[in-house]
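A.B. asks: Just dropping this structure here.
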Amino acid sequence: MENRHVVIIPIEIDEEKEASYLAAWQDAAEVMAAQPGFIRTYMFRTIVPGSKFSLVNVAEWESTRHWEDAMNVCPMMGQQIAVVHASNYEAIRTVLPAQDLSSGDGRMPVDLSPVEARRRAADGELTLVDVREDDEWAVRHPADAVHAALSTLPASLSDLPDGPLAFVCRTGNRSAQGGMQAIRAGRSSVYSVAGGLEAWEAAGLPVVLPGSESAVNNGDRAAAARES
């Protein structure tokens with residue numbers, strides 16, 4: 001533990017820009033998660049009104065050299081590094097190492113195409129679980145999905161219906177992590193929607209938008225996708 005390198009980055013950002021910043025951070029963090037020496041990274045949001053730094057990112061590496069090497073792959077989005085006291089913050093994002101996807105017995109979630117996931121969910125053959133965070137879910141989410149954010153999934157797994165589960169995220173990385181957590185918890189028939197919400201929308205499948213209680217089709221491609 002004494003040789004580990006911890007980076008703490010306070011982030012001062014306007015509230016209306018937070019969603020786009022977190023989306024960019026998620027992309028960068030998933031690149032980092034595939035780099036040698038990566039241990040974990042967290043994004044915290046302050047719970048103190050009027051705090052200058054509304055977000056704080058904490059990243060842990062096996063060594064300073066590993067972190068410096070990773071900076072050549074994915075710079076920290078121009079943020080100035082500083083040390084701050086991170087108490088009075090709540091964790092809102094967690095990205096674990098990409099290579100951590102192991103149930104211990106070699107089992108992995110089975111990839112399921114968005115079209116097949118949509119068909120099975122609509123027919124009641126499985127539960128579609130969106131593991132993106134609250135802010136991502138609020139913007140749009142797949143029709144027929146339930147929400148269980150990856151950061152809270154261990155505690156919410158018992159609340160999910162019995163039977164097959166198909167996890168979906170934005171691109172497929174977090175859904176695989178969610179599937180592994182479900183397998184470790186003893187669930188069987190666990191799937192990961194290949195390509196995530198991006199592939200879902202590219203296939204023309206319906207999504208639910210803010211203020212709308214009904215699904216919105218992504219053009220005429222949805223009918224064709226369901227028939228293929």
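A.B. asks: For the range 88-97, check the following and say yes or no: at least one residue is at pLDDT below 85, in a loop (DSSP other than H, G, I, E, B) and within 23 Å of GLN181 (Cβ to Cβ). It would help to see each step written out before you state the result.
C.D. replies: Narrowing the range 88-97 to residues at pLDDT below 85: 88-97.
Then drop every residue that is not in a loop (DSSP other than H, G, I, E, B), which leaves 88, 96-97.
Filter once more, keeping what is within 23 Å of GLN181 (Cβ to Cβ): 96-97.
Yes, some residue in the range 88-97 is at pLDDT below 85, in a loop (DSSP other than H, G, I, E, B) and within 23 Å of GLN181 (Cβ to Cβ).
A.B. asks: Taking the range 124-144 on its own, how many of its residues are closer than 17 Å to VAL207 by Cα, in contact with a strand residue (DSSP E or B) (Cβ under 7 Å, 6 or more places away or on another chain) and not in a strand (DSSP E or B)? It would help to see each step written out before you state the result.
C.D. replies: Within the range 124-144, the subset closer than 17 Å to VAL207 by Cα is 127-144.
The next check asks that each one be in contact with a strand residue (DSSP E or B) (Cβ under 7 Å, 6 or more places away or on another chain); those that pass are 127-131, 133, 137, 140-144.
Next, only the ones that are not in a strand (DSSP E or B) stay: 131, 133, 137, 140, 143-144.
Total satisfying the criteria: 6.
A.B. asks: Restricted to the range 145-176, and to residues that are β-branched (Val, Ile, Thr) and not in a loop (DSSP other than H, G, I, E, B), which residue is most open to solvent (accessible area, probe 1.4 Å)?
C.D. replies: Initially, the range 145-176 is screened for residues β-branched (Val, Ile, Thr), giving 146, 152, 168, 171.
Then drop every residue that is not not in a loop (DSSP other than H, G, I, E, B), which leaves 146, 152, 168.
Numbers: VAL146: 57, THR152: 72, VAL168: 1 Å².
Checking each candidate, the answer is THR152.
A.B. asks: Given the options ASP100, ASP27, name the one that is charged (D, E, K, R) and at pLDDT below 60. Show your work before the answer.
C.D. replies: Numbers: ASP27 fails: at pLDDT below 60.
The conditions single out ASP100.
A.B. asks: For GLY179, are the conditions met, namely being assigned to a helix (DSSP H, G or I) and either open to solvent by less than 20 Å² (accessible area, probe 1.4 Å) or among the aliphatic types (A, V, I, L, M) (or both)? Show your work before the answer.
C.D. replies: Values: assigned to a helix (DSSP H, G or I): yes; either open to solvent by less than 20 Å² (accessible area, probe 1.4 Å) or among the aliphatic types (A, V, I, L, M) (or both): yes.
Considered against the rule, which asks whether it is assigned to a helix (DSSP H, G or I) and either open to solvent by less than 20 Å² (accessible area, probe 1.4 Å) or among the aliphatic types (A, V, I, L, M) (or both), GLY179 comes out as yes.
A.B. asks: Filter the range 39-59 down to the residues that are within 19 Å of ARG174 (Cβ to Cβ) and either of a type in the set (S, T, N, Q) or touching a residue at least 60 places away in the same chain (Cβ under 8 Å) (or both) and list them by number.
C.D. replies: Passing the criteria: THR41, ASN57.
A.B. asks: In addition: Suppose we filter ARG40, ARG4 for residues that are open to solvent by 40 Å² or more (accessible area, probe 1.4 Å), out of contact with any His (no Cβ under 7 Å at 6 or more places or on another chain), among the basic types (Lys, Arg) and at pLDDT 80 or above; which single one remains?
C.D. replies: Numbers: ARG4 fails: at pLDDT 80 or above.
Going through ARG40, ARG4 in turn, just one is open to solvent by 40 Å² or more (accessible area, probe 1.4 Å), out of contact with any His (no Cβ under 7 Å at 6 or more places or on another chain), among the basic types (Lys, Arg) and at pLDDT 80 or above: ARG40.
The values are calculated or read from the model by the stated rules, or taken from the named source; none is laboratory data. What you see is a predicted model, and the numbers here were worked out from it, not measured in a lab. Virtual Cβ from ideal backbone geometry, glycine too; neighbours counted across all protein chains shown. Ligands, DNA and RNA are excluded from the accessible area calculation, which covers all protein heavy atoms including side chains. Shrake-Rupley method; radii C 1.70, N 1.55, O 1.52, S 1.80 Å.
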